[in-house]
Amino acid sequence: MIRASSNRDLICVLLSTFLLLFPLISATQAQETASALPPALQQEAMEKLASDLDPQQVGALADLVTLLQQGADAKKTAGALSGGGPDLLERLQSGLNAFGAMVVSNFQSLPALATGIIGGIGALFAGDIAGPVHILFGAIGLLLVAGFGAEFLFNRIVASRRETIQSLKPTSLYETVKIVSSRAGLDLGGLIIFALIVLIVARVAVFDPVMRSYALQAVFWIVLLPRAVAALLRFALAPHRSELRLVTANDATAKSLYRSFTTLFAFVGVAFFLRNVMQGAGADVGETYRFFVGFGVNAWIIAIIWQARHGLTSIILGDDDDPTSGLERMAQFWPYFSMAFIAFNWLLIQVTSSIGIDSLTAGRSLAVIALVVFAPFLDTMVRGIVSHIVPPMQGEGPVAEAAHLQTRYSYVRIARVALLAFLILTVGRIYGLNLLALGGDGGSGVARNSVIFLLILAAGYLAWEITNLWVSQQLAKDSPPQETQDEESEMGGAGKSRLATILPLVRIVLQVTIVTLTVLLGLSQLGVNITPLIAGASIVGLAIGFGAQTLVSDVVAGIFFLMDDAFRMGEFINTGGAQGTIEKISIRSMQLRGTKGAVHVVPYGQISNLTNLSRDWVIMKLKFTIPFDTDQEKVRKIFKKIGQEIMEMDEYKDDLLAPFKGQGVADVDDVGIVVRGKFTTKPGKQFGVRREIYKRVQKAFEENGIQFARKEVRVQLPETAKLDEPQKEAIAAAAAEAATPKPAV
């Protein structure tokens, strides 16, 4: 007992000493210490030792083992970092070497491939694979007769429905989709009946399971596959009925794509069936066969796209009368991108196969190619759906039209983001990558941060588009229709609403906020420390606040002007130093269009007083000078009659708030009596009414024998005076000179 106790104390002392000195021991020394333990210290010895120790000592021993293991891991990591394993360049070089060796090997195996194909076909006809060939061909013929017969009966049953579809003429996209979907449903229904009857007959009539398998493969690969592809192409392209075509393509493009892809998949079906025949014959040329068939199929698809590149561009552009520049660039770029992607996809499959990764099979490759090639069709479908779900235009005029167009573009861009995300996730799934799982806790740190970074960018873009969408809809509702401005108008009209004036500024603020938050969150997710950026932005803000007092004054003054609703877009104002119609409002200043076309930029802080000449209503007063002997009551009645007539005119009755009427004598000068009339209109409408009043007053004065007063000189001569013509001319010249005002010196 004394010896055992002293042994335990010795172990405790050693453990305590080691734990105190462990921070001074390197990872290499820890590994060497671990390797120096006696080999007799096995499981039984450890259990016996643990039975002699108390719980505290057992815990200390467990800590020692953990630290020793950490030292071993540290040494292993250091060895890897110091060049213990192959680096990226070496792996890349190794992969390229393997790919080159595989290509050379496949070309060297061409004779064996030809021999294998001939041998497989020979074995098939010799009856070594699926039994006697005449019985096999008879079974295939039986299946085809049964399948086509059942499909014929199905088509007879739905013949009336097909005739109805043939006679329908769609008038909208919705009706087109409905008709095409019904026709595609009937086509696919016939193919499903064909497949079911073939399966049933094969099960009942073909007893040999091997022969049944090859007969079904021949029917499904060579007959059913190209027919199913043709049905899907008829749904999208409608090569023989342009009125049912869901995409914008001419007849030549639609028929060319239909024939090319149907023929291609017929070749693919034959290639798949021939591969199974070769496998049944025991030909060991699978990799070479897959290499050359894959190369041929991909080259064929590239040739199809190259031939139809202009048609694919038309499909992407769709029927938009005024496509955006971005859509035009994408439409021109997509066919070439598709060809490059197809070549890259084939090369990727071959490289991964050469290094022993077989997850990218030919079927997956074909699925990816189909997604890429038919992406324009999906984009056209998205735009067609958007054209039906986008809300109708609210309001009238060019502002409402522009807002409606912006709303449609926002819907399309949001739908395209969703479509792009779907394509990326689907392609990732086909390649064996679960991109959503990478963003979770189960993915690596780099992959998870990258996926979250992309999600942040997508969320920021969607927020940007939603902001544009909301502002555009509000502008469409709150902006009145823009009316034709009077040619003689020198001042703006009623202007826009208060909300329509503030919304552009709100949009700018929201967009700046969205961009700032998106950039900061994205950088933070990538591992960038954004604290210095925020601190730097705060310092810059303080510097602007202290060093640019005028700028701050302009911004603050503009905020209070907008809060007071002092002006709106389109109104005519006078700021004391400049006047004009408001064309643009920013955070710091406004732009005024003067009466002569000049543009005045007025900072808010420099506006001491502001006069709004376009708010609510406008009173215009007109003056007329009549001779002294004119009957003023008669003039008043003329003015009243003219005012009533103009109030009844369709052109001005909605703009006049108070009719034109006389106000009596306003002044008396050396020419005659000045009478005045006034009327009240909506802002900007006074000039057309004024022109109409001038025209009617002149006509009424002529009808009533009233003349406008003019300056004249009267010469009174004695009744006995007799003047000849030269004297009269001299007197007239003197009178004209007296009536002409002298220029200021």
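The values are calculated or read from the model by the stated rules, or taken from the named source; none is laboratory data. Bear in mind the structure is a predicted one, so any value in this text is a computation, not a measurement. We place every Cβ from the backbone using ideal geometry, glycine too, and count neighbours over all the protein chains shown.
Before moving on, here are some points about what is shown:
- Residue in the range 145-152 that is part of a helix (DSSP H, G or I), at pLDDT below 90 and surrounded by fewer than 16 Cβ atoms within 10 Å (Cβ to Cβ) present: no
- Scanning the range 580-629 for residues that are of a type in the set (Asp, Glu) and touching a Pro at 6+ places or on another chain (Cβ under 9 Å) yields a single hit, Asp616.
- Meets criteria (under 30 Å from Leu244 (Cβ atoms) and either in contact (Cβ under 8 Å) with a residue 60 or more places away in the chain or surrounded by 14 or more Cβ atoms within 10 Å (Cβ to Cβ) (or both)) for Ile179: yes
- Qualifying residue in the range 676-694 (condition: under 15 Å from Thr630 (Cα atoms) and assigned by TED's automatic domain parsing to the domain that holds Thr630): yes
- Residue check for Ser472: crowded, with 17+ Cβ neighbours inside 10 Å, modelled with pLDDT under 75 and in a helix (DSSP H, G or I): yes
- Lone unmet requirement of (1) assigned to a loop (DSSP other than H, G, I, E, B); (2) touching a residue at least 24 places away in the same chain (Cβ under 8 Å) for Thr171: (2)
- Selection count where residues are surrounded by fewer than 15 Cβ atoms within 10 Å (Cβ to Cβ), closer than 20 Å to Ile508 by Cα and free of Cβ contacts under 8 Å to residues at least 60 places away in the same chain, scope the range 564-622: 3
- Hits in the range 188-206 (condition: within 14 Å of Leu153 (Cα to Cα) and not small (Gly, Ala, Ser)): Leu191, Ile192, Ile193, Phe194, Leu196, Ile197
- Flag if Ala252 is modelled with pLDDT of 90 or more and over 21 Å from Leu186 (Cβ atoms): no
- Sole residue being part of a helix (DSSP H, G or I) and either modelled with pLDDT under 90 or closer than 25 Å to Thr253 by Cα (or both), chosen from Leu191, Leu216, Leu199, Leu225: Leu225
- Looking across the range 609-629 at every residue that is under 60 Å from the mean Cα position of the chain (by Cα) and assigned to a strand (DSSP E or B), the one that is farthest from Thr680 (Cα to Cα) is identified as Thr611.
- Gly282 fulfils the conditions (1) buried (at least 20 other Cβ atoms within 10 Å of the Cβ); (2) at positive phi except for a single criterion, (1).
- Filtered residues of the range 677-707 (kept if over 56 Å from the mean Cα position of the chain (by Cα) and under 14 Å from Leu622 (Cα atoms)): Gly677, Arg696, Val697, Gln698
- Subset of the range 252-307 [in contact with a Lys or Arg (Cβ under 7 Å, 6 or more places away or on another chain) and over 20 Å from Leu237 (Cα atoms)]: Tyr289
- Filtering the range 121-148 to residues that are within 11 Å of Ala215 (Cβ to Cβ) and aliphatic (A, V, I, L, M) leaves Ala130, Ile135, Leu136, Ala139, Ile140, Leu142, Leu143, Leu144.
Quick grid of which residues meet (1) in contact with a helix residue (DSSP H, G or I) (Cβ under 7 Å, 6 or more places away or on another chain); (2) under 19 Å from Thr380 (Cα atoms); (3) assigned by TED's automatic domain parsing to the domain that holds Ser314:
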{"position": "Val210", "(1), (2), (3)": "no, no, yes"}
{"position": "Ala230", "(1), (2), (3)": "yes, no, yes"}
{"position": "Phe235", "(1), (2), (3)": "yes, yes, yes"}
{"position": "Ala254", "(1), (2), (3)": "yes, yes, yes"}
{"position": "Thr262", "(1), (2), (3)": "yes, no, yes"}
{"position": "Ala266", "(1), (2), (3)": "yes, no, yes"}
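- Residue that is farthest from the chain's Cα centre (by Cα), among those in the range 103-113 that are of a type in the set (A, V, I, L, M) and surrounded by 12 or more Cβ atoms within 10 Å (Cβ to Cβ): Ala112
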